[in-house]
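> Before we start, here is the structure in question, set down as structure tokens.
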Amino acid sequence: MCFYSDTDCFLTQDTKGTRCPSACICKYLDFFNALVINCSSTGLLKIPELPLPLVLSHYTFLLFANNGLTQLPNSSLEGYDNLMGLNLANNKLTNIQINQLPKNLEWLNIRNNNKITSLDANVAKYLMERKYNITLVHNGLFWKCNCNNTNLLSYLDHLGKDQIQSIKQKIYFPDIDFVIPAQFYHLKGPCPDNCSCCVSGADENQFIINCTSKALKIFPVLPINILGYPSLLLDNNLIETLSTTSVRNSTLKEMHLKNNNLTHLHLDQIPSNLRVLDIRQNNFTGLDDDVTQFVSNLTEFQLSENPWQCSCKFVKFLAYIKMNFFSEYQAALRRCSGQDYCPDPCICCKDDENHRFIINCSNLELKEIPSKLPIVENATLLFEHNNLQSLDGFTKIKGFDQLKELYCRYNSIKKIENLPKNIQLLDIRNNSLRTLNNSLREFLTQKSNMSSLTIFISGNNWICHCKEILFFRFTKNLAENIKDLCKTECHDSRLFVSLEEKDLCPEKIPRYVIYFTSFIMLSCLLSFLQCFWKSIAMWLYEKRLFLKLTTRLEKGIETKYDCFLAYCHKDSHFVREYVERLEHGHNRLRLCFYERDWLAGEPIPDCICHSVENSKCIVILMTKNFLKSAWGRLEFRLALHATSKDQYKRLIIIIYPGVENFDQLDGELQSYLKINTYLMRNDANFWNKLIYALPHKMVDECEEMEMINIET
């Protein structure tokens, strides 16, 4: 029964006697043939028995929003199975079972029951089979759909895209306009178009965004912060480039991009937290250095079946795939050089700009060049920053002569014996070279005349001496080829460009002139010494210089006196100077003269004979008085007789002024004076000559100083 109020009829009970729940309002809208049971916001915890419409063909809608419902009733509940519309928004439902859904249901609102994150597979199948007949309002729900629940995946993909929304539903339930695509828990939003989103297995953190085989040309739009361990599957699509919008900050852990049309990959297109990347079967030719550095730290990286090129732009990437994907590296070499060999541990690549094939062996601490090199056109060997000490014996290295360019900077090269026959560029900067041998200079000179040759030689210990003048000329002749000659320094830091040949080899007097001049000077010196040796020796002896050289070795028996002074008693005043000079001088000679050394009472002839016999030398002071003295003549004769018997005794005659002839002497004495030398007392060098003629004595310096001190 019902009663009317204006255009509405309020139902109190149905024809079977089932009454309208006391907390609800049951209103029959006859114009629309609809029974609306409104139990919203009544605090009910379960759905009560419901009245049936007066006419079974009429629609029945239950509004049960904003209550504490945790579980739907069984469809056998009185009046429940006839429901066509069910509004359960803002309750506390956790799941929905297939036996809890009215069989005639056309509209279900479970909005904001946020504990519902999935649906039973049978429920999903039920909804999918009636996807065009049932509208599901699920706003406020964030789904965690298992990848094995294909029915639910299909239905969630359907939600919000092509649901049938009847006119009646729109009239009675204007909130139907708020039906939106399914929102996923990990995305906090909808799954990208043409993709499916689900969790893998029992681990709800393994979240997969599956866009495989969807003919996508554009990278899907994704939120930055994706919860759990998200993986993006984009295999078998038509994508040519990846998105750069916030992808770098994305929390994606895996990206599968197999079989697309990708040609470039930049670092800002790769999530910073990525662990797995698959770029197989694309159109990549190489990866930038920063990308290579990134992928080398991935847990898993797959890159096969790409047309990798051995371009030197990607030398770091080539080194990476040589170590980790050797077959791909060989394939890259074949594409650019026609052969797949590159010596270990070097990296080979092609310089597209200069059309060179580069064998890069730099920075590897190598001590020798590999025994085999690739034989290709325009081959260049980079062997910088190693420990190479010499360039010799390379004739046995296969491919060495085919090198066009050789870079050997920053090694320890001290010697170069041979170079590649086809060399066009040689860089030997910053080594330990001191010169280049003649054959090598001739080879480089010949190459410079036949073709263009470029050389770099600075940073070595080049010798800039006259003995290396040929190397210096070589650098001057090849100045146009030596590109760093203006920076090249000698071992003594002089710049090559600032030097001339005369700086290395000053002009010299011809050798024959030197020899002739030396001969003349030596002859003059010998002649001078021959002429003045006696005077020089006397002067040195008198000055006590070079005594070992100027002192004469005295032979004969040792005598009591060194010298016997023979003079006339009238000339006794001359004796004093001889005593002072000879006895008290440097030589310290022992003199004998009658006033001091003859014994009184002895016969004069005996005294004369005794003095002559006991002296090494007899000195006669020949004055006018001596010539007149009979005793003087006797002394002269005895002295002459003694020196003739003893070859080691010497007779020295000193002629004083006033003695002009020797007529008063006997013939024997006159003859002696005519054929022998004597000293003139008025000679300027008298004392030097006398001292040098007298017996020589070696006196030690210490003894001499002691004598001087005693006298003092």
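> Could you identify the single residue in ASP278, ASP290 that is touching a helix residue (DSSP H, G or I) at 6+ places or on another chain (Cβ under 7 Å), not assigned by TED's automatic domain parsing to the domain that holds TRP143 and not hydrophobic (A, V, I, L, M, F, W, C)? Before you say what the answer is, go through the steps one by one.
Values: ASP278 fails: touching a helix residue (DSSP H, G or I) at 6+ places or on another chain (Cβ under 7 Å).
Selected residue: ASP290, the only one of ASP278, ASP290 that is touching a helix residue (DSSP H, G or I) at 6+ places or on another chain (Cβ under 7 Å), not assigned by TED's automatic domain parsing to the domain that holds TRP143 and not hydrophobic (A, V, I, L, M, F, W, C).
> When the residues of segment 677-698 are narrowed to those that are farther than 20 Å from PRO657 by Cβ and surrounded by fewer than 16 Cβ atoms within 10 Å (Cβ to Cβ), which ends up modelled with the lowest pLDDT? Spell out how you get there, then give the answer.
Here is the first cut: in segment 677-698, the ones farther than 20 Å from PRO657 by Cβ are 691-692, 694-698.
Checking which are surrounded by fewer than 16 Cβ atoms within 10 Å (Cβ to Cβ) leaves us with 697-698.
Numbers: LYS697: 64, MET698: 56.
Restricting to residues being farther than 20 Å from PRO657 by Cβ and surrounded by fewer than 16 Cβ atoms within 10 Å (Cβ to Cβ), the top hit is MET698.
> Has segment 411-422 got any residue that is surrounded by 15 or more Cβ atoms within 10 Å (Cβ to Cβ), out of contact with any Cys (no Cβ under 6 Å at 6 or more places or on another chain) and assigned to a strand (DSSP E or B)?
Yes, segment 411-422 has at least one match.
> Being in a strand (DSSP E or B) and modelled with pLDDT of 90 or more, is that true of even one residue in segment 443-450? Walk me through how you get there before you give the answer.
Just the residues of segment 443-450 that are in a strand (DSSP E or B), to begin with: none.
No, there is no match, as no residue in segment 443-450 is in a strand (DSSP E or B) and modelled with pLDDT of 90 or more.
> Among (1) touching a residue at least 24 places away in the same chain (Cβ under 8 Å); (2) under 30 Å from LYS414 (Cα atoms), where does LEU318 come up short?
Result: LEU318 fails condition (2) only.
> If you scan segment 573-604, which residues turn out to be in a helix (DSSP H, G or I) and surrounded by 14 or more Cβ atoms within 10 Å (Cβ to Cβ)?
Matches in segment 573-604: PHE574, VAL575, TYR578, VAL579, ARG581, LEU582, GLU583, TYR594, ASP597.
> Moving to a separate point now. Name every residue in segment 30-44 that is surrounded by 13 or more Cβ atoms within 10 Å (Cβ to Cβ) and closer than 18 Å to PHE64 by Cα, in order of residue number.
To start, the set of residues in segment 30-44 that are surrounded by 13 or more Cβ atoms within 10 Å (Cβ to Cβ) comprises 30, 32-42, 44.
Hits for segment 30-44 are ALA34, LEU35, VAL36, ILE37, ASN38, CYS39, SER40, SER41, THR42, LEU44.
> Take the residues of segment 386-410 that are within 17 Å of CYS361 (Cα to Cα) and of a type in the set (Gly, Ala, Ser): which is surrounded by the most Cβ atoms within 10 Å (Cβ to Cβ)?
Looking at residues that are within 17 Å of CYS361 (Cα to Cα) and of a type in the set (Gly, Ala, Ser), I get GLY399.
> I'm trying to understand the selection: among the residues of segment 82-116, which are of a type in the set (S, T, N, Q), touching a strand residue (DSSP E or B) at 6+ places or on another chain (Cβ under 9 Å) and either within 24 Å of THR18 (Cα to Cα) or crowded, with 17+ Cβ neighbours inside 10 Å (or both)? So that I can check it myself, show each step before the final result.
Of segment 82-116, the ones of a type in the set (S, T, N, Q) are 82, 87, 90-91, 94-95, 97, 99-100, 104, 109, 112-114.
Now restrict to residues that are touching a strand residue (DSSP E or B) at 6+ places or on another chain (Cβ under 9 Å): 82, 87, 104, 109, 114.
Passing the criteria: ASN82, ASN87, ASN104, ASN109.
> Test PHE317 against the stated conditions and say whether it is in a helix (DSSP H, G or I) and not aliphatic (A, V, I, L, M).
Working: in a helix (DSSP H, G or I): yes; not aliphatic (A, V, I, L, M): yes.
The answer is yes for PHE317.
> So, in segment 321-343, exactly how many residues are out of contact with any strand residue (DSSP E or B) (no Cβ under 7 Å at 6 or more places or on another chain) and either outside any loop (DSSP other than H, G, I, E, B) or more than 21 Å from GLN293 (Cα to Cα) (or both)?
Kept after step one, since they are out of contact with any strand residue (DSSP E or B) (no Cβ under 7 Å at 6 or more places or on another chain), are these residues of segment 321-343: 321, 323-332, 334-335, 338-341.
Then keep just the ones that are either outside any loop (DSSP other than H, G, I, E, B) or more than 21 Å from GLN293 (Cα to Cα) (or both); that gives 321, 323-324, 326-332, 334-335, 338-341.
Within segment 321-343, residues that are out of contact with any strand residue (DSSP E or B) (no Cβ under 7 Å at 6 or more places or on another chain) and either outside any loop (DSSP other than H, G, I, E, B) or more than 21 Å from GLN293 (Cα to Cα) (or both) number 16.
> OK, next. Any residue at all in segment 127-149 that's within 21 Å of LEU69 (Cβ to Cβ), in a helix (DSSP H, G or I) and either in contact with a strand residue (DSSP E or B) (Cβ under 9 Å, 6 or more places away or on another chain) or at pLDDT 85 or above (or both)?
Of the residues in segment 127-149, the ones within 21 Å of LEU69 (Cβ to Cβ) are 127, 134-143.
Retained after the next criterion (residues that are in a helix (DSSP H, G or I)): 127.
Those left that are additionally either in contact with a strand residue (DSSP E or B) (Cβ under 9 Å, 6 or more places away or on another chain) or at pLDDT 85 or above (or both): 127.
Within segment 127-149 (the criterion being within 21 Å of LEU69 (Cβ to Cβ), in a helix (DSSP H, G or I) and either in contact with a strand residue (DSSP E or B) (Cβ under 9 Å, 6 or more places away or on another chain) or at pLDDT 85 or above (or both)), the answer is yes, since at least one residue qualifies.
> Within segment 242-271, how many residues are touching a strand residue (DSSP E or B) at 6+ places or on another chain (Cβ under 8 Å) and either part of a loop (DSSP other than H, G, I, E, B) or over 18 Å from THR299 (Cα atoms) (or both)?
First, pick out the residues of segment 242-271 that are touching a strand residue (DSSP E or B) at 6+ places or on another chain (Cβ under 8 Å): 251-258, 270-271.
If we keep only those that are either part of a loop (DSSP other than H, G, I, E, B) or over 18 Å from THR299 (Cα atoms) (or both) too, we end up with 251-253, 257-258, 270-271.
Within segment 242-271, residues that are touching a strand residue (DSSP E or B) at 6+ places or on another chain (Cβ under 8 Å) and either part of a loop (DSSP other than H, G, I, E, B) or over 18 Å from THR299 (Cα atoms) (or both) number 7.
> Counting only residues that are within 18 Å of LYS487 (Cα to Cα) and basic (Lys, Arg), which one in segment 423-443 is surrounded by the most Cβ atoms within 10 Å (Cβ to Cβ)?
So, considering only residues that are within 18 Å of LYS487 (Cα to Cα) and basic (Lys, Arg), the one surrounded by the most Cβ atoms within 10 Å (Cβ to Cβ) is ARG429.
> In addition: Tell me, please, whether a residue that is part of a helix (DSSP H, G or I), among the aromatic types (Phe, Trp, Tyr) and touching a Leu at 6+ places or on another chain (Cβ under 8 Å) can be found in segment 394-401.
Within segment 394-401, the subset part of a helix (DSSP H, G or I) is 394-396.
So of that shortlist, the ones also among the aromatic types (Phe, Trp, Tyr) come out as 394.
Narrowing the set further to residues that are touching a Leu at 6+ places or on another chain (Cβ under 8 Å) leaves none.
The answer is no, given that none of the residues of segment 394-401 is part of a helix (DSSP H, G or I), among the aromatic types (Phe, Trp, Tyr) and touching a Leu at 6+ places or on another chain (Cβ under 8 Å).
> With the condition kept exactly as written, say whether any residue in segment 62-75 is out of contact with any Pro (no Cβ under 8 Å at 6 or more places or on another chain), at pLDDT below 90 and surrounded by fewer than 22 Cβ atoms within 10 Å (Cβ to Cβ).
yes
The values are calculated or read from the model by the stated rules, or taken from the named source; none is laboratory data. Everything numeric here is computed off the predicted structure, so don't read it as measured data. Every residue, glycine among them, receives a Cβ derived from its backbone with ideal geometry; neighbour counts consider all protein chains shown.
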